[in-house]
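Data first, discussion second: the structure below is written as structure tokens.
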């Protein structure tokens, strides 16, 4: 089932990319000469409206598929990392104390000031 969602999302992404690339923003682009025929020759006046609706449609499909896939597969996820060992790790904030090593060297006595 996960593979089906991935395939549908990839197909919708490819279709969205195609629709965006053939749009005609401000007089330039691929939409004017798709297949060597211009929009005026074919008599289609509202190609840009169709392409804009297609852009929103495929963007919405991708968003819905992404949301549904996270909701459906939320409980079925299997982790590649074994979390049982992670739960055993001590995460307390106490720092173990170490005793300082005993000072075995003797220092000479400081000279006493004369009165």
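The values are calculated or read from the model by the stated rules, or taken from the named source; none is laboratory data. Small disclaimer: the values here were computed from a predicted structure and weren't measured. Positions of Cβ are generated from backbone atoms using ideal geometry, with glycine treated the same way; all protein chains shown enter the neighbour counts.
Can you name the residue in region 26-36 that is in a helix (DSSP H, G or I) and farther than 14 Å from residue 54 by Cα and is also modelled with the highest pLDDT among such residues?
Keep residues of region 26-36 that are in a helix (DSSP H, G or I), which gives 26-27, 31-33.
Of the ones still in play, those that are also farther than 14 Å from residue 54 by Cα are 26-27, 32-33.
Values: 26: 58, 27: 54, 32: 53, 33: 55.
Looking at residues that are in a helix (DSSP H, G or I) and farther than 14 Å from residue 54 by Cα, I get 26.
Among the residues of region 62-90 satisfying the criterion of being at pLDDT 70 or above and in a loop (DSSP other than H, G, I, E, B), which is surrounded by the most Cβ atoms within 10 Å (Cβ to Cβ)?
73
Hey, residue 23 hits all of (1) assigned to a helix (DSSP H, G or I); (2) over 22 Å from residue 73 (Cβ atoms); (3) at pLDDT below 90; (4) touching a helix residue (DSSP H, G or I) at 6+ places or on another chain (Cβ under 7 Å) but one; which does it fall short on?
Failing condition for residue 23: (1).
Find all pairs meeting these conditions: Cβ atoms under 7 angstrom apart; at least six residues apart or on different chains; first residue within region 47-72 and without any contact (Cβ under 8 Å) to a residue 12 or more places away in the chain and on the phi < 0 side of the Ramachandran plot; second residue surrounded by 12 or more Cβ atoms within 10 Å (Cβ to Cβ) and in a helix (DSSP H, G or I).
Listed pairs, sorted by first residue: none to list.
Please verify whether region 39-60 includes one or more residues that are at pLDDT below 65, more than 27 Å from the chain's Cα centre (by Cα), loosely packed, with under 10 Cβ neighbours inside 10 Å and in a helix (DSSP H, G or I).
yes
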